[in-house]
1. Using only Cα atoms, tell me the angle between helix 106-120 and the longest principal axis of the chain; keep it within 0 to 90° and round to the nearest 10.
2. Quick one: what are the phi-derived ³J(HN,Hα) couplings along segment 78-89, Karplus 6.51/-1.76/1.60 with θ = phi - 60°, whole Hz, x for glycine and proline?
3. What list do you get for 130, 16 if you sort them by fewest beta carbons within 10 Å?
4. Please arrange 90, 104 by counting, for each residue, the other beta carbons lying within 10 Å of its beta carbon, fewest first.
5. Just report the Cα centroid separation between segment 125-166 and segment 46-101, whole Å.
6. Residue 121 to residue 141: FRET efficiency via 1/(1 + (r/R0)^6), r the Cβ-Cβ distance, R0 35 Å, to the nearest 0.05?
7. Normalised by the residues of the chain, what does the relative contact order come to in percent, with Cα pairs under 8 Å and at least six apart?
8. State, in angstrom, two size descriptors of the chain derived from its alpha carbons: Rg to one decimal place and Dmax to the nearest whole number.
Amino acid sequence: MTTLFLMVGLPGAGKTTRARQLAGEHGALRLTPDDWMLPLFGEAEPDGKRDVLEGRMLWLALEAVKLGTDVVVDFGCWSRDERSAIRWLVEAEDACFRMIYLPVDEETQRARIAHRWATAARETFPMTETDILRGRAHFEEPDTAELAGRAAAGPPSGGWREWAADRWPSFA
């Protein structure tokens, strides 16, 4: 069965490293916005363009799944609603959804971010202490049900497709 692997976690958790491994193991298309943001825009969050890029990547991921190609989506997906919407969209295509959650403690996160900046600054974005703390405060850790493969939430009024189109403007 065609599978979409969704990488979930904070910066420095090892998502992209694991995404590369999964893509190699499964012959999957890997979609990582960070690989595109610097070459296209020179920064991580230029005027909301990341949401636009993620929307097109999500659309592409679903097109690939329809064609029988496994996909690794490496967005981080900090919110339960994002993860629930993607799960629903994938399962609506009769494909398998696998969430790969990589937790990371604060000390390890800071060390990995510092190492990445020191060794690959041209391939990454600077992160301040404020960025790290803000991310940790906003991240909604997957609960037991979500980790067991059950949707975290029911669809909002209008449904998950409409929610996704609002969250990622270029998805629709």
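Just so you know, all these numbers are worked out from the coordinates, no wet-lab data involved. Predicted model, so just to flag it, every value in this text is computed and none were measured. Note that each Cβ is placed from the backbone with ideal geometry, even for glycine, and that neighbours are counted across all protein chains shown.
1. 80
2. The phi angles translate into 6, 9, 4, 5, 4, 5, 5, 4, 5, 4, 4, 4 Hz.
3. Working: 130 8, 16 20.
Placing the least packed residue first, the sequence is 130, 16.
4. Details: 90 24, 104 19.
Ordered from fewest to most neighbouring Cβ atoms within 10 Å, 90, 104 come out as 104, 90.
5. So the separation of the two Cα centres works out to 12 Å.
6. After rounding, the FRET efficiency stands at 0.75.
7. Values: 247 pairs, mean separation 63.1, N = 172.
Here the relative contact order equals 37 percent.
8. Calculated on Cα positions, Rg and Dmax stand at 15.6, 46 Å.
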